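Student: Below: one structure in structure tokens.
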């Protein structure tokens with residue numbers, strides 16, 4: 001259990017709520033369509049980014065900034081050049097000097113249990129990159145959830161696989177709280193975010209993958225800028 005200040009608790013609750021509302025909206029718009037996992041993942045990432053840019057999360061002196069890499073503004077067809085369905089999420093606590101990351105591989109729920117070796121191979125590759133920072137992003141009839149990728153490496157995905165599911169908002173908030181995610185997937189905080197994210201992606205896969213970064217930092221108030229006490 002991590003001790004949080006009231007300011008941190010309200011910040012992460014607000015972030016979780018916004019992200020989960022975006023997931024619900026994307027689910028409603030895209031479920032039962034013919035959209036493939038890779039463009040659907042990118043649509044979700046773009047919608048989260050856009051929502052948080054239009055409605056910044058600020059509580060007291062803490063704020064959350066979001067940036068994206070290789071995520072389109074709109075349209076499923078613009079994702080044809082993206083290789084695979086992976087999404088990398090960078091989780092930065094600038095206020096604490098902490099950098100972590102998670103990897104997500106998308107899958108339709110109805111395809112989890114059909115014995116397809118593709119998901120197992122994807123999960124195994126993710127596990128070699130990070131045993132604790134790898135998740136399956138499941139698009140199902142009840143919504144969009146994240147599940148630790150470990151049991152997707154079994155010869156067959158167990159039927160209670162979704163018992164470990166958490167919301168996407170919870171995954172991101174917990175990562176910033178530092179109860180989830182992997183420091184080995186974190187970017188170098190001494191380099192600009194785009195370069196740091198590119199360095200991570202080259203190191204773990206070499207693929208041209210979409211990425212999101214959530215960065216917690218101290219908000220600069222007008223009194224602080226003017227030198228007030």
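The values are calculated or read from the model by the stated rules, or taken from the named source; none is laboratory data. The structure presented is a predicted model; accordingly, all values stated were derived computationally and were not measured. Note that we place each Cβ from the backbone using ideal geometry, even for glycine, and neighbour counts take in every protein chain shown.
Student: Determine whether residue 2 is within 20 Å of residue 186 (Cα to Cα), surrounded by 13 or more Cβ atoms within 10 Å (Cβ to Cβ) and modelled with pLDDT under 95.
Tutor: So residue 2 does not fit the description; no.
Student: Also, I was wondering about something else. Taking residue 173 as the residue in question, decide whether it is touching a helix residue (DSSP H, G or I) at 6+ places or on another chain (Cβ under 6 Å) and at pLDDT below 95.
Tutor: Here the answer is no, as residue 173 does not meet what is asked.
Student: Next up: In the stretch 164-175, which residues are assigned to a helix (DSSP H, G or I), closer than 19 Å to residue 44 by Cα and in contact with a strand residue (DSSP E or B) (Cβ under 7 Å, 6 or more places away or on another chain)?
Tutor: 168, 171, 172, 175
Student: OK, next. May I ask you to say which residue of 215, 209 is surrounded by 18 or more Cβ atoms within 10 Å (Cβ to Cβ), within 23 Å of residue 92 (Cβ to Cβ), touching a strand residue (DSSP E or B) at 6+ places or on another chain (Cβ under 7 Å) and modelled with pLDDT of 95 or more?
Tutor: Answer to the selection: 215.
Student: Now for a different question. Among the residues in the stretch 141-163, are any at pLDDT below 95, within 21 Å of residue 40 (Cα to Cα), under 13 Å from the mean Cα position of the chain (by Cα) and not in a helix (DSSP H, G or I)?
Tutor: Within the stretch 141-163, none of the residues are at pLDDT below 95, within 21 Å of residue 40 (Cα to Cα), under 13 Å from the mean Cα position of the chain (by Cα) and not in a helix (DSSP H, G or I).
Student: For the stretch 13-37: of the residues being closer than 17 Å to residue 89 by Cβ and over 14 Å from the mean Cα position of the chain (by Cα), which is surrounded by the most Cβ atoms within 10 Å (Cβ to Cβ)?
Tutor: 26
Student: Restricting the first residue to the stretch 26-39 and requiring it to be on the phi < 0 side of the Ramachandran plot, which pairs with a second residue that is surrounded by fewer than 12 Cβ atoms within 10 Å (Cβ to Cβ) and part of a helix (DSSP H, G or I) meet a Cβ separation below 8 Å and a spacing of at least six or different chains?
Tutor: 39/77
Student: Here's a follow-up. Within the stretch 125-140, which residues are part of a loop (DSSP other than H, G, I, E, B) and within 16 Å of residue 174 (Cβ to Cβ)?
Tutor: 130, 132, 133
Student: Next question. Out of all the residues in the stretch 154-168, is one or more buried (at least 16 other Cβ atoms within 10 Å of the Cβ) and in contact (Cβ under 8 Å) with a residue 60 or more places away in the chain?
Tutor: Checked against the condition, which is being buried (at least 16 other Cβ atoms within 10 Å of the Cβ) and in contact (Cβ under 8 Å) with a residue 60 or more places away in the chain, the stretch 154-168 yields at least one hit.
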